[in-house]
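The values are calculated or read from the model by the stated rules, or taken from the named source; none is laboratory data. In this text the structure is predicted, and so the values were computed from the model without any measurement. Every residue, glycine as well, gets a Cβ built from its backbone with ideal geometry; the counts of neighbours run over all protein chains shown.
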């Protein structure tokens, strides 16, 4: 068993703030050093924004945590500086298969087209992701980055007063206070921060129980996502199998509603279930076992004055679709550049309302997809089960039924809704690159990839535009990227950004979502579009 989770990464160390008579003021405080909090800290540190991270633990998470990290998350992690580590360590996969009983009825390829640097998904234990994020943050700190992480420190009170958030912190050596301009609460599904502010979730709670087990074994199953409906080894229920690094496999078995949770998690009851699934000849060891239920819920608002919620503290979904950790990383990807522009004086404070608007929209999309998946996987009536089983039977031989098969609609980035932050859409250009969409990747003829060339700033992408102004008096930093497309040259750029048109101009936000697009370059129009994208 890997012992990485036993290491103390950020042990408690007495901080000078504890010896001051008055509370030390900080620019941004982050509560929670899980993947979401660490990603936010790296993003802000790379932008030169001072950050302090507070966590009541001192090590990475272990157990039945996230393992499926989506293409968009990997692209964000490229910008944060750990994308290669994740992909090199993780198990890459694009293909999924669905079985009804023992018969394969459907398979799908999540990334059939070429011209993308990253795979549709990797499988990687969450503790590795947290270690890589922490090591990256430590490297930035050692190079002078304005970040401080405080372990074994618990926030036990939050109070807002005017333009300050006051935090009371509890440590092994007593309590002390700090204040901050902004607080990002990334403290998980049971978020004490949310409770301190008197906030709650709205949504659905599901009563089905699922057994989740990480097992170490030598097996020749392919690196694909396998999902079973009503298999003989778990009759009337569902099952899921995923491969992780180091010969660790994730097994997920539906148990039903009325079970004795403590009995079901005992090894003497788990092992026979796994042998029935994997085969009597397969030798395996249990690494982790738990029983879980889940919720599809969110806060009404993610922005509460100067306290901002992200990740599981703001929203929860079922595990079918890998939308938990992925949506949390996308939360802070949306948030941090906006906070940086506000801190640097390039955007008004009310611009943060766009974070609430866009990420509540994304959370609702995730909750809808997750709820539909759960209803298909766990039908609540005989009629629903009859419909589901008929869809599965038909999907083996009839293409029209396959889109109805729902073993978990897997995580993709949201197309943000039309708003004043996005400029007018030129509809003759490809739909995949419309305003509000996450910018699709594309490969250049020289072997480099588009997303790797965007960086941390606004980018003006000019395709087949010979001359254009490269200076704009807008406040934020802007990168200019010019690409030539003729014939079969840079074909994926043509397919995803030009279509049948001869030229195009794209404005891409720092979070790589497209803010506007035009057929020709107009300095005044683009300047206004940047102002709109910043809420000015």
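Could you list, in sequence order, all residues of the range 414-448 that are under 21 Å from the mean Cα position of the chain (by Cα) and modelled with pLDDT under 85? Passing the criteria: none in range. Looking across 303, 386, 335, 392, one residue alone is crowded, with 22+ Cβ neighbours inside 10 Å, over 25 Å from residue 122 (Cβ atoms) and at pLDDT 90 or above. It is 392. For residue 9, indicate whether it is under 25 Å from residue 246 (Cα atoms) and either touching a strand residue (DSSP E or B) at 6+ places or on another chain (Cβ under 8 Å) or not in a loop (DSSP other than H, G, I, E, B) (or both). Considered against the rule, which asks whether it is under 25 Å from residue 246 (Cα atoms) and either touching a strand residue (DSSP E or B) at 6+ places or on another chain (Cβ under 8 Å) or not in a loop (DSSP other than H, G, I, E, B) (or both), residue 9 comes out as no. When the test is whether a residue is closer than 19 Å to residue 133 by Cβ and without any contact (Cβ under 8 Å) to a residue 40 or more places away in the chain, residue 88 passes it. Right, residue 308: under 30 Å from residue 353 (Cβ atoms), outside the structural domain of residue 514 (by TED's automatic domain parsing) and part of a strand (DSSP E or B) or not? Judged against the criteria, residue 308 is a match.
Within the range 247-261, residues that are at positive phi reach partners that are crowded, with 17+ Cβ neighbours inside 10 Å and assigned to a loop (DSSP other than H, G, I, E, B) with beta carbons closer than 7 Å, at six or more positions or on different chains, in the pairs 256/237. For the range 178-200, the set of residues classified as within 21 Å of the chain's Cα centre (by Cα) and surrounded by 19 or more Cβ atoms within 10 Å (Cβ to Cβ) consists of 183, 184, 185, 186, 187, 188, 191, 193, 194, listed by residue number. For residue 155, are the conditions met, namely being out of contact with any helix residue (DSSP H, G or I) (no Cβ under 8 Å at 6 or more places or on another chain), crowded, with 20+ Cβ neighbours inside 10 Å and within 18 Å of residue 307 (Cβ to Cβ)? So residue 155 fails the test.
In the condition set (1) in contact (Cβ under 8 Å) with a residue 60 or more places away in the chain; (2) not in a strand (DSSP E or B), residue 211 is compliant with all but (2). Among the candidates 424, 361, the residue that is surrounded by fewer than 21 Cβ atoms within 10 Å (Cβ to Cβ), within 25 Å of residue 494 (Cα to Cα), in contact (Cβ under 8 Å) with a residue 12 or more places away in the chain and not assigned by TED's automatic domain parsing to the domain that holds residue 504 is uniquely 424. Taken as a whole, the structure leaves residue 36 outside the set of residues that are buried (at least 20 other Cβ atoms within 10 Å of the Cβ), in contact (Cβ under 8 Å) with a residue 40 or more places away in the chain, in contact with a helix residue (DSSP H, G or I) (Cβ under 6 Å, 6 or more places away or on another chain) and assigned to a loop (DSSP other than H, G, I, E, B).
One line per residue, one yes/no per condition, for (1) in contact with a strand residue (DSSP E or B) (Cβ under 6 Å, 6 or more places away or on another chain); (2) not assigned by TED's automatic domain parsing to the domain that holds residue 41:
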{"residue": "182", "(1), (2)": "yes, no"}
{"residue": "190", "(1), (2)": "no, no"}
{"residue": "215", "(1), (2)": "yes, yes"}
{"residue": "222", "(1), (2)": "no, yes"}
{"residue": "236", "(1), (2)": "no, yes"}
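Among residues of the range 45-75 being under 23 Å from residue 175 (Cβ atoms) and out of contact with any strand residue (DSSP E or B) (no Cβ under 6 Å at 6 or more places or on another chain), the one that is modelled with the lowest pLDDT is 59. Every test in (1) over 25 Å from residue 242 (Cβ atoms); (2) assigned to a helix (DSSP H, G or I); (3) touching a helix residue (DSSP H, G or I) at 6+ places or on another chain (Cβ under 6 Å) is passed by residue 30 save one, and that test is (2). When the residues of the range 479-494 are filtered to those that are touching a residue at least 40 places away in the same chain (Cβ under 8 Å) and surrounded by fewer than 17 Cβ atoms within 10 Å (Cβ to Cβ), the one that is nearest to the chain's Cα centre (by Cα) is 491.
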